[in-house]
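Report on the following structure.
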Amino acid sequence: MATPTVSTFVGSVILQPIVVAMTSVVLSSLLSYEIAGQLDWRPITICVTCDIIAVGVDHLKDQEVVIGAWDAAVMKRFIPLFHLARIFLALNASLLVIALCRSPPETTVVTAVFTAPAFLWATPLDLQRIGAVLKRFIRAKYDQEEVEYNSPMSNKPFIIKRVPGMKAIFDGIIRGCGTFFVVYSALQLSWQSANNAPPWTIIETIIWSTVNRTCHCIMTDVRDYHEDKKAGVPTIPVLLESPFKTRIVLTVIQAAIMIAFLHNPFIVGSSCFAIALVWILGKDSPKVYFRLSLHSQSIFIAMYAAMFALDLL
């Protein structure tokens with residue numbers, strides 16, 4: 001095991017969450033403009049800070065495990081960085097609370113619904129205990145023996161990311177649909193009478209975002225195919241038992257999106273770019289190159305924004 005370094009820690013806990021959050025900045029800004037014709041700081045802040053907190057907390061836990069496996073001297077050297085990371089996450093949590101307080105109550109509910117799976121992504125959940133708590137909460141009669149009889153697997157914890165084939169789909173729904181509902185609930189406007197922002201429509205943006213993020217997540221699973229197979233993580237490439245088959249599926253999906261939204265050159269360009277990355281990137285590609293896949297949507301939305309600002313549309 002390689003010795004932990006400061007650059008690795010900072011990159012994992014601080015820089016990577018920011019890189020991921022940049023996708024939320026771009027997408028939530030586009031949706032805000034589509035719905036209201038302006039950029040509203042509240043939903044943008046909510047989406048960005050949720051991304052940073054979810055990814056940052058997950059990576060911080062990983063770093064605690066990795067660094068904790070070394071001796072006390074190494075751990076002592078990283079204590080200031082752990083403090084810095086917690087301050088960074090606390091600052092984002094404060095911004096999140098401020099944005100939620102300035103938004104309608106529905107926004108808090110929507111945010112909780114879509115971010116809960118992200119925060120509990122790798123957390124073992126005792127469904128039997130959760131069910132018992134819920135039943136007590138609603139003052140219903142709880143029969144322990146009946147639950148044990150009907151739930152022979154009740155002692156086995158439930159982990160969201162271990163649901164067969166659903167890891168990427170969950171991620172796509174959270175990032176795509178979740179972002180829309182957060183923005184929509186914060187703006188409190190009817191999306192059916194939304195601002196006219198050709199060539200974009202809200203429905204196609206939601207579909208494109210969900211599919212794009214799902215495909216990106218599957219691409220990272222293709223990269224980690226052998227590790228996931230050994231660890232028994234039921235990702236889509238593992239279920240298909242072939243990275244090549246997975247690449248074909250991704251190509252077909254992106255081609256379908258491209259054909260469905262042929263009138264929008266930015267979606268077409270993004271899909272073509274994503275298809276190229278499907279066949280270029282592989283298990284031997286540096287992880288940093290997969291950020292191109294992560295931002296295959298953001299790049300083209302930013303391109304649209306630049307052309308719009310320069311009156312080139």
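The values are calculated or read from the model by the stated rules, or taken from the named source; none is laboratory data. The structure displayed is predicted, hence computed values, not measured ones. With ideal geometry, Cβ positions are generated from the backbone for all residues, glycine too; neighbour counts draw on all protein chains shown.
Residue by residue through the range 56-105, note down the ones that are closer than 18 Å to THR5 by Cβ and among the basic types (Lys, Arg).
LYS76, ARG77
Okay, residues lined up against (1) without any contact (Cβ under 8 Å) to a residue 60 or more places away in the chain; (2) hydrophobic (A, V, I, L, M, F, W, C):
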{"residue": "CYS47", "(1), (2)": "no, yes"}
{"residue": "ASP51", "(1), (2)": "yes, no"}
{"residue": "ASP62", "(1), (2)": "yes, no"}
{"residue": "VAL65", "(1), (2)": "yes, yes"}
{"residue": "ALA69", "(1), (2)": "no, yes"}
{"residue": "ILE79", "(1), (2)": "yes, yes"}
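To keep it simple, each residue is scored yes or no on (1) within 19 Å of the chain's Cα centre (by Cα); (2) modelled with pLDDT of 95 or more; (3) closer than 30 Å to LEU39 by Cα; (4) among the hydroxyl-bearing types (Ser, Thr, Tyr).
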site	(1), (2), (3), (4)
ILE206	yes, no, yes, no
ASP221	yes, no, no, no
LEU240	no, no, no, no
PRO286	no, no, no, no
ALA305	no, no, yes, no
LEU310	no, no, yes, no
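In this structure, is GLU64 over 17 Å from VAL13 (Cβ atoms), at pLDDT below 95 and either surrounded by 12 or more Cβ atoms within 10 Å (Cβ to Cβ) or among the aromatic types (Phe, Trp, Tyr) (or both)?
no
Which residues, taken from the range 229-241, are surrounded by 14 or more Cβ atoms within 10 Å (Cβ to Cβ) and either in contact with a strand residue (DSSP E or B) (Cβ under 9 Å, 6 or more places away or on another chain) or without any contact (Cβ under 8 Å) to a residue 24 or more places away in the chain (or both)?
Those that are surrounded by 14 or more Cβ atoms within 10 Å (Cβ to Cβ) and either in contact with a strand residue (DSSP E or B) (Cβ under 9 Å, 6 or more places away or on another chain) or without any contact (Cβ under 8 Å) to a residue 24 or more places away in the chain (or both): LYS229, PRO237, VAL238, LEU240.
Could you tell me how many of the residues in the range 173-204 are closer than 28 Å to LEU313 by Cβ, at pLDDT 65 or above and part of a helix (DSSP H, G or I)?
13
Out of all the residues in the range 21-36, is one or more touching a residue at least 40 places away in the same chain (Cβ under 8 Å) and exposed (fewer than 15 other Cβ atoms within 10 Å of the Cβ)?
Within the range 21-36, not a single residue is touching a residue at least 40 places away in the same chain (Cβ under 8 Å) and exposed (fewer than 15 other Cβ atoms within 10 Å of the Cβ).
Is it the case that ALA93 is buried (at least 20 other Cβ atoms within 10 Å of the Cβ), touching a residue at least 24 places away in the same chain (Cβ under 8 Å) and in a helix (DSSP H, G or I)?
For ALA93, the condition - buried (at least 20 other Cβ atoms within 10 Å of the Cβ), touching a residue at least 24 places away in the same chain (Cβ under 8 Å) and in a helix (DSSP H, G or I) - is not met.
Give the range 256-297 a look and list any residue that's of a type in the set (S, T, N, Q) and farther than 23 Å from THR246 by Cα, or say none.
The answer is ASN264, and nothing else.
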